Amino acid sequence: MSDESELALTRKEGGDSLVLSRTRSELVARGRKDAAALEAQSRSSSDDSDEAELRRRAEQGDAAAQFELGSKYHRGDGVLQDYDEAVRWYRMAAGQGQVAAQCNIRLLYDNEDEVFGDWSSQEYSEYPYAFQDSDFGFQYDHSLCVPLPDAKGMQRYRLAADQGDIAAQHTLAYFYVRSDEEPDNDAAAVKWFHHSAEQGDAASQCNLGFMLAHGRGVPQDYAAAAIWFRRAAEQDRIPAVLNLTLAYGLGRGVLRDHSAAENWRIKLMDLWDATGDRWYIWYRIAAEQGDALVQTMLGSWWHRGELWCRPQSDEESAKWYGLAAHQGDADAQFQLGEYYHKEQPKN
Amino acid sequence: MSRHITHRLKPEEEELERKRAELAAIKAIVVDRELELTDRRNELAALEGSYLRQVGVLYAELDEWTAKILDLKARLRPSASAQHRADTAHEQARQTYESSHGEEAKAKDFNPSPDLKKLFREAARRVHPDFAADPADLERRTRLMADLNRAYREEDEDALQRILDEYDEPGDTDTGTGAALVRIIRQISHAKERIAAIGRELETLLKSEIAQLKREVDEAQQKGCDMLAELAASVRAKIQVAEKEYSLLSQELGSR
């Protein structure tokens with residue numbers, strides 16, 4: 001198998017007892033990821049008996065609990081975001097006639113490719129706004145991956161949002177950002193992000209920061225953006241941590257502070273380890289859009305083999321360092337120099 | 001006889017003595033490193049075996065269910081993308097099955113006794129290919145080293161002993177001090193290369209997924225948890241949910 005040979009360890013004596021293969025490595029990685037999720041789950045359920053109670057009720061067939069658990073998976077709220085798992089719980093609730101669950105399944109299924117497909121960059125072509133006018137790569141938090149509802153659906157979300165449902169507020173704001181129908185949809189999005197952000201919703205805090213940083217629906221204000229990024233980052237929201245890293249690295253809205261940037265970057269790595277690969281695509285897109293800082297970050301992750309499920313690769317590392325170096329990033333230039341120095345034949 | 005006693009070593013002979021001492025020292029290092037490498041490999045292979053048997057097979061089952069569920073979905077809501085997803089899931093299920101039911105899944109536990117380790121060291125010192133005298137000897141040693149690794153992996157003390165008994169080091173065929181020096185210098189150089197290669201190999205090994213899994217399993221064990229058993233239980237639960245979902249979908253399809 002060609003896969004086998006790529007990772008196989010060569011050994012002249014033969015008689016190998018362990019050959020590393022990509023497919024088996026992936027199977028092992030899958031177990032590790034699931035085990036990490038299990039641990040996170042048991043940690044959060046032992047911390048929080050409500051969570052365990054909710055799960056218990058859901059497992060016993062309580063439709064409302066099933067819906068709530070499904071929506072937790074849907075939003076990645078307190079658990080690792082998992083659409084398959086969300087659909088499973090929604091389906092159980094829907095089977096018992098729960099309308100909200102039926103409605104959410106439809107939302108998920110109406111655009112199945114988006115939800116269940118590979119996390120390819122094509123998938124994100126639907127969200128060009130997040131990167132198109134991103135002058136230095138602050139990231140939008142795509143915590144929600146559902147298609148726009150029709151007018152009736154919007155109305156339902158608006159009602160729930162008006163009644164103070166944080167999730168509905170965030171979702172509604174998210175719909176406004178994506179919808180082109182109303183001229184002041186950015187302002188409406190900011191309004192609802194603000195509502196749910198004030199109530200502590202991390203994804204909304206991050207997205208409010210994004211809107212502020214880009215002056216969308218609100219006058220541009222880097223300092224305010226950084227404050228919101230920080231609040232979300234303190235809740236371990238990955239895109240927010242990335243944004244704060246960038247803010248410190250570039251001195252946008254905060255005093256430029258490389259050691260703070262580095263601290264947040266370390267935090268990012270920890271979170272990344274805990275949540276897996278899904279986020280990688282965002283950084284790659286930002287890097288492809290020419291963000292030198294993200295390029296350097298990717299370079300160093302590849303260099304140190306810190307990317308989830310991906311073996312260390314000097315070549316990938318050199319590629320990203322190369323792009324950043326080209327833009328004058330001194331750190332990347334240095335690293336690239338090291339790489340070529342190492343690559344040179346010794347004799 | 002007395003002539004020998006008063007005999008003083010020539011400079012090249014002194015050098016030869018020094019190189020012999022160096023060779024002996026480096027031999028011990030090579031053997032140590034070989035043992036370390038083979039121990040790591042065997043430990044990881046053993047863990048991989050039990051992971052595949054305990055968890056891998058369940059993933060294969062889960063993937064099978066997922067593929068079947070996607071089949072039903074494709075029939076309920078036919079579309080090119082639904083079909084594509086089902087096909088992809090079948091391919092994934094096939095891969096998972098192959099990965100978890102291959103030879104690697106049969107790897108046994110590995111707990112070599114101190115005696116066995118000692119025997120490995122002795123045998124490796126004797127047959128290591130880096131210390132071959134000539135091409136024919138190299139070929140023989142290479143084969144024996146492979147046998148040795150295999151016997152050690154299977155904790156087969158008799159086989160190890162047989163290798164030790166079987167192999168006679170060829171006598172000194174060197175025709176003079178110069179030739180002996182050249183041979184030893186080459187052997188030392190091979191040994192150094194091998195030590196470096198083992199280092200790289202260990203580094204690759206320790207970065208592998210299975211090595212990371214091992215660390216996590218060990219950590220969990222220290223806390224009194226059986227990580228693989230817990231993982232297996234959670235996959236089993238997922239299988240149950242999948243079965244339920246499958247039957248719901250079947251009903252839905254049947255009621256059409």
B:Arg121 passes all but one of the listed conditions (1) in a helix (DSSP H, G or I); (2) within 14 Å of another protein chain (Cβ to nearest Cβ); the exception is number (2)
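Taking the conditions exactly as written (out of contact with any helix residue (DSSP H, G or I) (no Cβ under 7 Å at 6 or more places or on another chain), in contact (Cβ under 8 Å) with a residue 24 or more places away in the chain and of a type in the set (Asp, Glu)), does A:Asp236 satisfy them or not?
Values: out of contact with any helix residue (DSSP H, G or I) (no Cβ under 7 Å at 6 or more places or on another chain): no; in contact (Cβ under 8 Å) with a residue 24 or more places away in the chain: yes; of a type in the set (Asp, Glu): yes.
Criteria not met by A:Asp236.
Look at B:Gln251 and say whether it is within 12 Å of another protein chain (Cβ to nearest Cβ) and either within 17 Å of B:Tyr59 (Cα to Cα) or among the charged types (D, E, K, R) (or both). It would help to see each step written out before you state the result.
On the way: within 12 Å of another protein chain (Cβ to nearest Cβ): yes; either within 17 Å of B:Tyr59 (Cα to Cα) or among the charged types (D, E, K, R) (or both): no.
When the stated conditions are applied, B:Gln251 does not pass them.
Residues are listed down the side, and each one gets a yes or a no for (1) at the interface with chain A (Cβ under 9 Å from one of its Cβ atoms); (2) more than 22 Å from B:Ala123 (Cβ to Cβ); (3) of a type in the set (Lys, Arg); (4) surrounded by 13 or more Cβ atoms within 10 Å (Cβ to Cβ):
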residue	(1), (2), (3), (4)
B:Leu181	no, yes, no, yes
B:Gln187	no, no, no, yes
B:Ile195	no, no, no, yes
B:Thr204	yes, yes, no, yes
B:Glu209	yes, yes, no, yes
B:Ala229	no, yes, no, no
B:Lys244	yes, yes, yes, yes
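In this structure, is A:Arg56 within 14 Å of chain B (Cβ to nearest Cβ), within 29 Å of B:Val217 (Cα to Cα) and either in contact with a helix residue (DSSP H, G or I) (Cβ under 8 Å, 6 or more places away or on another chain) or at pLDDT 70 or above (or both)? It would help to see each step written out before you state the result.
Details: within 14 Å of chain B (Cβ to nearest Cβ): yes; within 29 Å of B:Val217 (Cα to Cα): yes; either in contact with a helix residue (DSSP H, G or I) (Cβ under 8 Å, 6 or more places away or on another chain) or at pLDDT 70 or above (or both): yes.
Spelling it out, A:Arg56 is indeed within 14 Å of chain B (Cβ to nearest Cβ), within 29 Å of B:Val217 (Cα to Cα) and either in contact with a helix residue (DSSP H, G or I) (Cβ under 8 Å, 6 or more places away or on another chain) or at pLDDT 70 or above (or both).
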Here is a check on your reading of the model: is A:Arg91 within 14 Å of chain B (Cβ to nearest Cβ) and modelled with pLDDT of 70 or more?
yes
Within the stretch B:129-146, residues being of a type in the set (D, E, K, R), in a helix (DSSP H, G or I) and surrounded by fewer than 22 Cβ atoms within 10 Å (Cβ to Cβ) number 4
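Filter the stretch B:33-69 down to the residues that are among the β-branched types (Val, Ile, Thr) and more than 9 Å from chain A (Cβ to nearest Cβ), then identify the one that is nearest to the chain's Cα centre (by Cα).
The initial filter retains those residues of the stretch B:33-69 that are among the β-branched types (Val, Ile, Thr), namely B:38, B:55, B:57, B:66, B:69.
Then keep just the ones that are more than 9 Å from chain A (Cβ to nearest Cβ); that gives B:57, B:69.
Numbers: B:Val57: 21, B:Ile69: 37 Å.
It comes out as B:Val57.
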- On the given criteria, is B:Val57 under 30 Å from B:Gln240 (Cβ atoms), part of a helix (DSSP H, G or I) and β-branched (Val, Ile, Thr)? yes
Exception for B:Leu160 within (1) over 30 Å from A:Leu27 (Cα atoms); (2) modelled with pLDDT of 90 or more falls at (2)
Per the filter on the stretch B:49-61, residues among the hydrophobic types (A, V, I, L, M, F, W, C) and surrounded by fewer than 20 Cβ atoms within 10 Å (Cβ to Cβ) are B:Val57
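The values are calculated or read from the model by the stated rules, or taken from the named source; none is laboratory data. Given the structure is predicted, the values throughout are model-derived calculations rather than measurements. Using ideal geometry, Cβ is built from the backbone for each residue, glycine included, and neighbour counts are taken over all protein chains shown.
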